[in-house]
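Take a look at the structure set out below.
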Amino acid sequence: MAKVTISTLDKMKAAGEKFVCITAYDATFARLVSEAGAETILVGDSLGMVLQGHDSTIPVTIADMEYHTRSVDRASPHSLVIADMPFMTYATVTEAMSNATRLMQAGAQMVKMEGGVWLSDTISALVERGIPVCAHLGLTPQSVNAFGGYRVQGRTPKEAKSILADAVEIQDAGASLLVLECVPADLATDISRKLDIPVIGIGAGAGTDAQVLVMHDLLGLSDHQPRFVESFF
Ligand code: KIV
């Protein structure tokens, strides 16, 4: 199987073909996921919860992400590898450039950051320098304390409008992909139709261009199984 690139995903969106993203944090599971044909693998900072036992992603460090990205990249001949930038490692453009460099040198082919309009300068700076970016909107887990819990976002017309505006802005800034987490299905479908870049949903209905799941949820191994995860076992 040929290596998946951004242009593979763009072509799939244009052809109306859906694709898959699954988290992996080590070589064994990355190989299984890649050989099973998943187009993309996310080295998610969800590893802070499913591997490290924290109750949020906030304690995850850039060194943790580098380590797991290296392991995943060695075993992903087919899938495009996206690595999460941890909490506060992209608070300024300068920090984002230096930390994204570490993840790209560890083997990522794209970095993911949580945020909308405020991230557009950072996204442009990285993209101009050759680092592809996936943005993440809706329920952005690194902001759990600001949200007051893990709650569906974009329920009111005002919130929905703001998420749509963020999505358009990050696309204009040069992001290649967008993850939309825990937003109403009609909002996710609308954003997926309006954007040219592929939109990957999680807990956001079936109308997005792709779906992402945390592997431990998919395998039924998590303590708290999210309601939107189908139990395959
Ligand atoms: O860290 C992660 O696994 C994620 C997914 C839930 C999208 O960001």
Query raised in the report: Rounded to a whole number of µm²/s, how large is the Stokes-Einstein D of region 187-233 at 20 °C and 1.002 mPa s, given Rh as the Kirkwood radius over C-alpha pairs?
Result: 185
Query raised in the report: Hey, how many Å between the Cα centroid of region 1-34 and the Cα centroid of region 130-175?
Result: 22
Report task. Would you tell me the accessible area of residue 189, worked out with a 1.4 angstrom probe on the heavy atoms of the protein chains, in Å² to the nearest 10? Result -> 30
Report summary line: Quick calc: nm separation of the 7 Å Cα→Cβ label points for residue 143 and residue 168 -> 1.8
Query raised in the report: Over the heavy atoms of residue 68, what accessible area does a 1.4 Å probe trace out, to the nearest 10 Å²?
Result: 30
Query raised in the report: In square angstrom, what is the accessible area per residue of the chain with a 1.4 angstrom probe?
Result: 46
Query - Two-decimal Rg/Rh across the chain, once Rg and the Kirkwood Rh are taken from alpha-carbon atoms - result: 0.92
Query - Fraction of accessible area attributable to carbon and sulfur, the chain (%, probe 1.4 Å) - result: 55
Requested in this report: Between residue 221 and residue 5, take the C-beta separation as r, use R0 = 25 Å, and let me know the FRET efficiency to the nearest 0.05.
Outcome: 0.20
Query - the chain - percent relative contact order, Cα under 8 Å, separation 6 or more - result: 17
Query raised in the report: How much of residue 112 can a 1.4 Å solvent probe reach, expressed as accessible area in Å² and rounded to 10?
Result: 10
Query raised in the report: Taking θ as phi - 60°, what are the ³J(HN,Hα) couplings along region 93-100 by the Karplus curve (6.51, -1.76, 1.60), each to the nearest whole Hz, with x for Gly and Pro?
Result: 4, 4, 5, 4, 5, 5, 6, 5
**Report entry** FRET efficiency estimate (nearest 0.05) - Cβ-Cβ, residue 158 to residue 51, R0 41 angstrom
**Finding:** 0.65
Query raised in the report: Along region 146-152, what does the Karplus equation 6.51 cos²θ - 1.76 cosθ + 1.60 (θ = phi - 60°) give for ³J(HN,Hα), rounded to whole Hz, x for Gly and Pro?
Result: 6, 7, x, x, 8, 10, 4
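The values are calculated or read from the model by the stated rules, or taken from the named source; none is laboratory data. Please read all numbers here as calculations on a predicted model, not as lab measurements. In this analysis, Cβ positions are derived from the backbone assuming ideal geometry, glycine residues included, and neighbour counts consider all displayed protein chains. Surface accessibility is based on the protein's heavy atoms, side chains included, excluding ligands, DNA and RNA. Shrake-Rupley method; radii C 1.70, N 1.55, O 1.52, S 1.80 Å.
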